[in-house]
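Data first, discussion second: the structure below is written as structure tokens.
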Amino acid sequence: MLADLDRALQARYGVDERAFDSSRRRAARIMVPVRFHVVADGERGRLTEAAVQQQIATLNAAYGGGQGGADTGVTFWLKKYGVTDKAKWFRAPERYEREMKEALRRGGPWTLNLYSASVGADVLGFSTFPQGARRQPRNDGVVVDYRSLPGGEYEHFNLGYTAVHEIGHWLGLLHTFENGCEEPGDGVADTPFEAVASDACPESRDTCRQPGSDPVRNFMNYGWDDCMHEFTPGQGRRIRAAWAAFRAPRHQSERRHSALVGARSVVGAR
């Protein structure tokens, strides 16, 4: 993904990721419209719009620095809430991912299609990466277990941070433990190298010889929701670069659409 990102930035702006942020004035906030697809089996998994709005509020707090980390410059607003009663999609969203997304997905690469279903306790969610948004647009999106939303049934994983984590991938972030102690790690300078994912809620640890303790409180690590608190400024820069490279509107019609999204976001955001 890092090589794809540099190639895309060179093609569109004539700079690589390292030079991108300093070559441009600080961009306006990235306003992300969310189409939330509640996939249910009868009453199982039938999330209310209020529950979905609470998840949107959690996203805005996490990405806006409200939990103590950096403000990444991203704001989410609920464009569309809908419920689809489809037992097989609900019970096996990975197996039926293509069928489900082809039926439900709407919007351009700047639109987050977020699905809730019964993903499972071992794998709480899954996401596409931004470089695939234009090559395989029908597959673009994020799927999370409905029990991981704020107030859900999964102990230690019910503050809504599964969506925060998976949307991080959708926006261009890798795990903090990507590549272990080997270069380039996750490619973000202010997330120290980390040999393996964190588990539960460690106080601190240092698993690599490079400077810095493991980022065990970072949203892109593993571990309990109780212990996740932050994105870093470098992760915010990565998000802005990936957005510009892969998700920002390219053409006049897309720019008009994006402007409308931004104008309506004041009303839609929570």
Relative contact order as a percentage, segment 1-134, C-alpha pairs under 8 Å and 6+ apart, gives 30 percent
What are the radius of gyration and Dmax of the chain, computed over its Cα atoms and given in Å?
17.9, 52
Over segment 37-92, calculate the relative contact order: mean separation of alpha carbon pairs under 8 Å at least 6 apart, over the residue count, as a percent.
49 percent
Residue by residue through segment 238-244, which ³J(HN,Hα) values in whole Hz follow from phi under the Karplus form 6.51 cos²θ - 1.76 cosθ + 1.60 (θ = phi - 60°), with glycine and proline marked x?
4, 4, 5, 5, 5, 4, 5
Over the chain, give the accessible area per residue in Å² for a 1.4 Å probe, as an integer.
46 Å²
Between Arg29 and Ala197, what is the label-point separation in nm under the 7 Å Cα-to-beta-carbon projection?
3.1 nm
Coordinate range along principal axes, alpha carbons of segment 161-260, Å, largest first
49, 29, 18
Which value, in nm² and rounded to one decimal, describes the direction-averaged projected area of the C-alpha convex hull of segment 81-160?
5.6 nm²
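Measure off, as a whole percent, the carbon and sulfur share of the 1.4 Å-probe accessible area of segment 42-176, all protein chains present. Each step should come with its number before you reach the end.
Numbers: 2430 of 5380 Å².
Solvent-exposed carbon and sulfur of segment 42-176 make up 45 percent of the total.
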How large is the helix-only mean residue ellipticity at 222 nm for the chain, computed as the sum of -39500 (n - 2.57) over DSSP H runs with n ≥ 4, divided by its residue count, in deg cm²/dmol to the nearest 500?
-9500 deg cm²/dmol
For Ser204, what accessible area in Å² do you get when you roll a 1.4 Å probe over the heavy atoms of the protein chains, rounding to the nearest 10?
90 Å²
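The values are calculated or read from the model by the stated rules, or taken from the named source; none is laboratory data. On a predicted model such as this, the values are computed, not experimentally measured, just so you know. Heads up, the Cβs are rebuilt from the backbone with ideal geometry, glycines too, and the neighbour counts pull from every protein chain shown. Surface areas here come from the heavy atoms of the whole protein model, side chains and all, with no ligands, DNA or RNA. Shrake-Rupley method; radii C 1.70, N 1.55, O 1.52, S 1.80 Å.
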